[in-house]
Every structure is written in structure tokens, then in C-alpha cells.
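Bear in mind these aren't lab numbers, they're just calculated from the coordinates by the rules spelled out. Remember, predicted model here, so these are calculated numbers, not experimental data. Here the Cβ positions follow ideal geometry from the backbone for every residue, glycine too, while neighbour counts run over all protein chains shown.
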Amino acid sequence: MSPNPMSPRLLLAALAATAPSLLAYNVSPSPTFLNQALAVALWGWFVVGSAPASGGAGRGVAALHLALALVLAGVCWSWGPGSLPTGLALSAIGLLAAAGVMAAAGAAAHARGDTASVFADVCTGLAVAGALNVGIAVIQVFAPELTDGDWIATSGLPGRAVGNFRQPNHLSSLLLWSAIAVVALVELERLGRRAGALLFAALVFAVVLTASRTGLVGVVLLALWALADRRLARPTRLLLLAAPVLYALAWFGMAEWARLSQHTFGGAARLAAGDISSSRFGIWQNTLALIAHQPWAGVGFGEFNLAWTLTPFPGRPVAFFDHTHNLPLQLFVELGLPLGTGVMAALLTSLWLAARLALRAEGSVGVARRAAVVMVLMIGLHSLLEYPLWYAYFLLPAGWLLGYAAGSATLPRVPGASRVLVSGGVALVVGAVLAVLDYLPVTSIYNASAGAAPLEMRIARGQRSVLFAHQADYAAATTEAGGGGLAPFDTATHFLLDTRLMLAWAKALAAHGEIDEARWVAARLREFRNPGSDDFFAPCKDAPEPAKLPFQCETPQRLRDWRDLVR
């Protein structure tokens, strides 16, 4: 299979897979929004450029679309009868729809005569992205003084590579996808074995630089692929089996380098950490308690953080978690056991059918299908410890990969499928552009330039945003410019309750005469033991008489469900 270097489809695949991971520039309040918007737009263009004249799907793709539809139903329930703000609901609906388009596009690739070539184009993009991110990782660890934040992000974790996503686990996931893509390209004869082996080794080394524990799990999966897939060429299987050895050698080498050069290797700090789970065991235990309390309908899509924060957990993890860091638990706690089980069953059915097709396929198409399944397994395993699928730059390609792996090549072709897919791709591009335009007014709240309008006017303008009004309401709730009312808390509290917002909320409730509600919020804030609240609770130690204690020092007079505080 010889690549066409001038293929527009290859260029689109390379841009979609690469550009979002290279964009270091970001504008507050979101450190990843621009990366995600770019991913939506570029994957949309890829759909437009790769749509076949006709298309099909299959039971596996139908199961995937069913899973997305069930989650969509959960979003609508949490938004309509529930209390999820409109902006957060519309954002979730848009990304679910985008994932559905990507899954359909992946399945439709089998209606083309160059089915394996389409997959190879995507792998080429991922391989290029991985190679460039190896360079970024090396600079962040070995030459951090060269990072400027605009072209290469500065790592906030000494001795660890975080990529331009600014998250080591995200960089690790991308690098592992790239490693699988390199193996597929070698097997498809798009990449020479020697060059492929060198790039594969560099990618494993960069995974070590992230010091991501999920990265180690992914490296082990690479070796398991070699054991399970006997149809891979022997040199390829040996390369995959060598992945854990390469990882161990790189880890040992980095530890020795750090010791001899008096530099920091982030992996050593990770090993020395007392809690190997990084509070995941604690948050999972709390999540199970929430599920037991609301097993049928759950707390509502997007409401985990609010429900968990406002529920008494005296021994809770002290970080502010907005996700359970486990995909099944997240679905069960937010959608309820019946609907969450339905989503998981549909996803596993889609993956199972994809695996069956991959095992039956021969030749280059078989290589492509099996590699796609391994990529989905990789991001699935990471979703048991993180939440990468909550980010568009992972969700959309994962949707395409599972759609490709589960798509049937034997179903009757559907006339007009090209127009539908092209329309869906264009919708992704237009939606991304509109989302960026909607985001810009909110950025002026947090990034005021010379001669900017007063904060009150900038907040008011941001509150008219369709998708990001909650960010403007956060500013209104936590600054004097907001006027001190309770209305901003109706939306801001549904995104992420942190120390600053909880302090402001408790004070606002007390100022409006809702004293016991204020006591409840203060009591939950105390459980986090955050230094940012020390001044707030200081009077509780120094007050001369119990009768003169401020509200934050008093115990709530009655137990409350978290929904009691949702207006």
C-alpha cells in the first residue's frame, strides 16, 4: 500500500490528529477549550473530505449510536426536569451529536474501495502528532527554560511532560495512540520497520516522561496485543513485547539521570506518593455511596460535582473532583443504574461486535480493524482511571475508530449517505466556529485589556453567552461586581464548586437570610480542609462566646439533601 503524499484526505487527517495537540495558546477561563474547538472543526473537515458516495453501518455501529442516544436522553432529563444549566446541557448535546457523526463516518469508510487506506491516513496523522509531541515532552523535561506558554506549554509539574494539553495523562493517551498507529503503519507497509521501531521507542520513552500511571497500563496493553494477535508479523510482535522492557529501561535511565544531574524526574515523585491512587479510591467510595442513595435516576448528568460536594463526607478526598475518574461509575452515579447499565451494555456490545469483525477480517483491512480495536481498548482502559472521553480531542477520534472497527463491509449501500455525512461534517465546523465566537465575550472577563469596559459590563455581556454563561456567573458570584445576589449561583455551582465559589455562596446565603443553608455549605467546605478557607473559619477558634459565633462556626440545624440547595 503506497501513500499519496498529496492526498487531501491525508492532509485533513494529519491536521485533525495533530493540530489540537500542538496548540499551546489558551485564553482563560478554560485551558483546553480552544484545543477542543479546533479538534471539532478539523475532524469535521476530515468527515467532509473522506465521505464515500454511499454508506452502511452494522449492528456494532447501531449499538454505539444507541449508547450515545441513551446518554443524550440523560442529558435532556437532567436539563429539562432537572437543574442542569442550558449552556452545559447544549455543550454535552453538541459533543454527543459530534461523536455520532464521527462513528457514522468511521463505519462509512468501509463503503470505499480504499478502506484500509482511510485508516492508514488517520494513523499517519496520529503518528505525526506523536512524533511532534515527543519533542515537546523532551523540551518540557530537559529544557523547561525554553517553554514560553504560547508555543510550548510550561509544565506545572516539575520533571514531568504535560504536552500542550497541559495534562500528563492526556499526553500519555495521545502517545500510546501514536504507538499503535506506528505499528499499524508498519504492518500496512506505510512505514519502514527500522523507522517504525525508532519512532515506537521514542514514543514509549515520552510516555515515561509523563510519569503517567495510566501510561504504564497502556504499555502493558501493547505487549498483550502482541500475545493475542498472532497475525502480526514476527518483528512487529517482538517490538510490541519489548514495550514494557523499553519502558523499564527508560524509567531507570531517567532516575539515574536525575540522581547524577541533581534534576527532578517526576516519576520518582509519583512512586514516593503515599496514595498510589491519587485519591481515586476515596472518590470511588464516595461515588458508591451516592449511587446507593440515588440508584434509579442518579444525580443527573453533569451534576456529580455538585451532588458530591454538598453531601456530607467527613473523610472525603480534599481535591475538588468534577468527575469520578471511572467511566462506568460516572454513568451509574449520574444517569442511575438502569440507564447507566444500558449505556455500558450498548458500548460493550459495540466493542464486542467490532472485535469479532476484526478477528474475521483478512489482509490490510484485518490489520486496520484490529489496530482500531486496540486503540479503542486503550482509551477505554484509560477511562477506568481518568476521563479522556470528556474532551473532544479524544472523544471524536475514538468515535471514528469504534465506528470504523464496528462498521460492516457487507451491508447494502445506503444512497445519499454522502450528503448526510458531509452535512454532519459541515455542522461540526460551523458549530466549532460559533462556539469560539460565543466564548470570546467570556474571556474578556478574565483577561481585561487596556481600556476594557468595567467589570460589571463585561460580566453582563458574558452572561448572555449561550454555552458559557456559567463562567460569567462564576465571576459575578465571586466578585463585588456581581451585586451580591443569589442568581449567579444557580448556574455557576453546576460547573465546579471550588473554595472561592463555596465561600462566596455561603456568605451570599447568609446575607439573604438563609442561615441554615449557609451553615450547610460552610460545613461541606470545612470537610475539604483547604488552606484558602482558613481565614473564613478562623473566628471559630477565637470567638469568646458561643452565642457570638458566626454562622460558619455553627452546626446546621437539620440534615439536607444536596438538591435542597438547588434553586
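Taking all Cα pairs closer than 8 Å and separated by 6 or more residues, the relative contact order of region 464-565 comes to 20 percent.
Sorting 252-259, 400-407, 163-170 by their mean Cβ neighbour count within 10 Å, with the most densely packed peptide first, gives 400-407, 163-170, 252-259. Computed about its Cα centre, the charge dipole of region 148-200 is approximately 160 debye, with only Lys, Arg, Asp and Glu carrying charge at their Cβ.
For region 464-565, the Cβ-based charge dipole about the Cα centre amounts to some 120 debye (Lys, Arg positive; Asp, Glu negative; other atoms uncharged).
Across the chain, the relative contact order, built from alpha-carbon pairs under 8 Å that are at least six residues apart, equals 21 percent. Estimated from helical segments only, the mean residue ellipticity of the chain at 222 nm is -21000 deg cm²/dmol, where each DSSP H run of four or more residues counts as -39500 (n - 2.57). With neighbour counts taken as other beta-carbon atoms within 10 Å, the residues Glu334, Glu514 rank, fewest first, as Glu514, Glu334.
Taking the dipole about the Cα centre of the chain, with the C-beta of Lys and Arg at +1 and of Asp and Glu at -1, give me whichever of Gly298, Ala453, Leu175 is farthest to the positive side. Towards the positive end, the residue furthest out is Leu175. Round to the nearest 10 and give me the degree value, 0 to 90, for the angle of helix 193-210's Cα axis relative to the longest principal axis of the chain. It works out to around 10 degrees. Normalised by the number of residues in region 114-271, the mean separation of alpha-carbon contacts (under 8 Å, six or more apart) gives a relative contact order of 23 percent. Computed over region 179-287, the quotient of the alpha carbon radius of gyration and 2.2 N^0.38 Å is 1.26.
Among residues other than Val299 with Cβ under 12 Å from its Cβ, the summed charge is -2 (Lys and Arg +1, Asp and Glu -1). Across region 25-42, computed HN-Hα scalar couplings (Karplus, 6.51 cos²θ - 1.76 cosθ + 1.60, θ = phi - 60°) run 5, 8, 10, 4, x, 9, x, 10, 4, 5, 4, 5, 4, 5, 4, 4, 5, 6 Hz from first to last residue, x flagging Gly and Pro. Evaluated with a Cβ-only charge set (Lys, Arg +1; Asp, Glu -1), the chain carries a dipole of roughly 1700 debye about its Cα centre, given to the nearest 20. Fewest-first ordering of Lys541, Lys507 by other beta carbons within 10 Å of each residue's beta carbon gives Lys541, Lys507. The residues packed around Val75, meaning those with a beta-carbon under 15 Å from its beta-carbon, carry a net charge of -2 if Lys and Arg are +1 and Asp and Glu are -1. Rounded to two decimals, the Cα-based Rg/Rh of region 427-567, with Kirkwood Rh, is 1.06.
Here the chain yields Rg over Rh of 0.99, to two decimals, using C-alpha coordinates and the Kirkwood radius. From a point 7 Å beyond the Cα of Leu241 in the direction of its Cβ, which residues of region 207-230 have a backbone N at a distance under 19 Å? Label zone hits: 219-230.
Classify region 5-83 as rounded, prolate or oblate from the Cα gyration tensor: take a ≥ b ≥ c as the square roots of its eigenvalues, call it rounded if a/c is under 1.5, otherwise prolate when a/b beats b/c and oblate if not. Verdict is oblate for region 5-83. Seen against the Cα atoms of the chain and their longest principal axis, helix 59-79 is set at about 10 degrees.
Computed from phi, the 3J(HN,Hα) profile of region 474-485 under the Karplus parametrisation 6.51, -1.76, 1.60 (θ = phi - 60°) reads 4, 5, 5, 6, 10, 10, 5, 5, x, x, x, x Hz, with x in place of Gly and Pro. With the largest listed first and rounded to whole Å, the semi-axes of the equivalent ellipsoid of region 491-542 from the Cα gyration tensor are 17, 15, 8. The ratio of the alpha-carbon radius of gyration of region 86-175 to the globular-protein estimate 2.2 N^0.38 Å is 1.45. Take each peptide in 19-29, 204-214, 447-457, 356-366, count the other Cβ atoms within 10 Å of every residue, and average; sorted highest first, the result is 204-214, 19-29, 356-366, 447-457. Taking a sphere under 13 Å around the Cβ of Arg356 and counting the other residues whose Cβ falls inside, with K and R at +1 and D and E at -1, yields a net charge of +4. Arranged from fewest to most other beta-carbon atoms within 10 Å of their beta carbon, His110, His494 become His494, His110.
Whole-Hz Karplus values for region 303-318 come out as 10, 4, 4, 5, 5, 5, 5, 8, 9, x, 9, x, x, 5, x, 8 Hz, taken residue by residue from phi with 6.51 cos²θ - 1.76 cosθ + 1.60 and θ = phi - 60°; glycine and proline positions read x. Set against the 2.2 N^0.38 Å expectation for a compact globular protein, region 315-376 has a Cα radius of gyration ratio of 1.60.
Residue ranges 57-68, 555-566, 473-484 sort as 57-68, 473-484, 555-566 when ordered by packing (mean number of other C-beta atoms within 10 Å per residue, highest first).
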